[in-house]
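Contents: one structure, followed by commentary.
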Amino acid sequence: MLPSFVPHVLREPDYITPPIRPLPAVRCVGLDRSETDEGMSDVVFERLNGAQTMGEFDQIQEVYVAAFPDYSLADHRMRTERQAASPGFETVTARVDGVLVGFAYGLPLSARSTWWEGLEPAAGEDFVAETGSRTFAVIDLAVLPAHRGRGLGRRLMAELLGGRSEERATLATNPNKRALQEMYERWGWRKAGRVPGGEGETQPVFDLYVIDLR
């Protein structure tokens, strides 16, 4: 069975939001678009900012619920509304014959981010330090089951990260989903370590992955 595309497992970065609370083209190591083009001539990709994402959010949630049936749609909407208000938030959608079949989105880690807090094995300050423009966190990646197995998830990831100016990207995984982790490793991601989950998150621990963008 194909693994579900679940990079987020409800671990959230610290938002770079307005006072109340990531473009030049780059090559994403291990995610070369040329390796994912075959059989995708019918797929149209579009890049959206936060406001545009929320404008298409009902369609996004139709894909979300098919990919993540055990997660709350209300919680997903609440989280995404906050994330979409953050500078640098970006979504890439995939459509076939005008129908949304997949999406990926994320945002930069803030300079005060606690994303790496409690990382084991411990890493030096040069690794965990954030500037607000150093690291892009991939929050959600979803593809309708009928459209899996053709490289669409990998292409969505490449499209999302290929337009970023950050030096690296990160995502959180469920340590028990080893098949999913192996998929990301085939795509060029490497495990940075394990961190404890926080209040309101779905896992007691997360395995964090990183990939170089330039």
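If I ask for residues that are among the acidic types (Asp, Glu) and under 13 Å from the mean Cα position of the chain (by Cα), which ones from the stretch 135-186 would you list? Quick ask: steps written out before the conclusion?
Taking the stretch 135-186 first, the residues among the acidic types (Asp, Glu) are 140, 159, 166-167, 182, 185.
Of everything in the stretch 135-186, those that are among the acidic types (Asp, Glu) and under 13 Å from the mean Cα position of the chain (by Cα) turn out to be Asp140, Glu159.
Here are some conditions: (1) touching a strand residue (DSSP E or B) at 6+ places or on another chain (Cβ under 7 Å); (2) surrounded by fewer than 16 Cβ atoms within 10 Å (Cβ to Cβ). Leu213 meets all but one. Which one does it not meet?
Only one criterion in (1) touching a strand residue (DSSP E or B) at 6+ places or on another chain (Cβ under 7 Å); (2) surrounded by fewer than 16 Cβ atoms within 10 Å (Cβ to Cβ) is unmet by Leu213, namely (2).
What tally of residues in the stretch 83-98 results from selecting those that are in a loop (DSSP other than H, G, I, E, B) and of a type outside the set (A, V, I, L, M)? Show your work before the answer.
Restricting attention to the stretch 83-98, the residues satisfying the condition of being in a loop (DSSP other than H, G, I, E, B) are 85-89, 97-98.
Now drop any that are not of a type outside the set (A, V, I, L, M), which leaves 86-89, 97-98.
Summing the residues that are in a loop (DSSP other than H, G, I, E, B) and of a type outside the set (A, V, I, L, M) in the stretch 83-98 gives 6.
Based on what the data block shows, is Val195 modelled with pLDDT of 95 or more, part of a strand (DSSP E or B), of a type outside the set (Gly, Ala, Ser) and more than 12 Å from the chain's Cα centre (by Cα)? Full working, then the answer.
Working: modelled with pLDDT of 95 or more: yes; part of a strand (DSSP E or B): yes; of a type outside the set (Gly, Ala, Ser): yes; more than 12 Å from the chain's Cα centre (by Cα): yes.
So Val195 passes the test.
Looking only at the stretch 61-70, how many residues end up being aromatic (Phe, Trp, Tyr) and either surrounded by fewer than 17 Cβ atoms within 10 Å (Cβ to Cβ) or in a helix (DSSP H, G or I) (or both)? Break it down into steps so the answer makes sense when it comes.
At the first step, the residues of the stretch 61-70 found to be aromatic (Phe, Trp, Tyr) are 64, 68.
If we keep only those that are either surrounded by fewer than 17 Cβ atoms within 10 Å (Cβ to Cβ) or in a helix (DSSP H, G or I) (or both) too, we end up with 64.
Looking only at that region, the number is 1.
The values are calculated or read from the model by the stated rules, or taken from the named source; none is laboratory data. As the structure is a prediction and not an experimental result, all values here were calculated from the model. Every residue, glycine among them, receives a Cβ derived from its backbone with ideal geometry; neighbour counts consider all protein chains shown.
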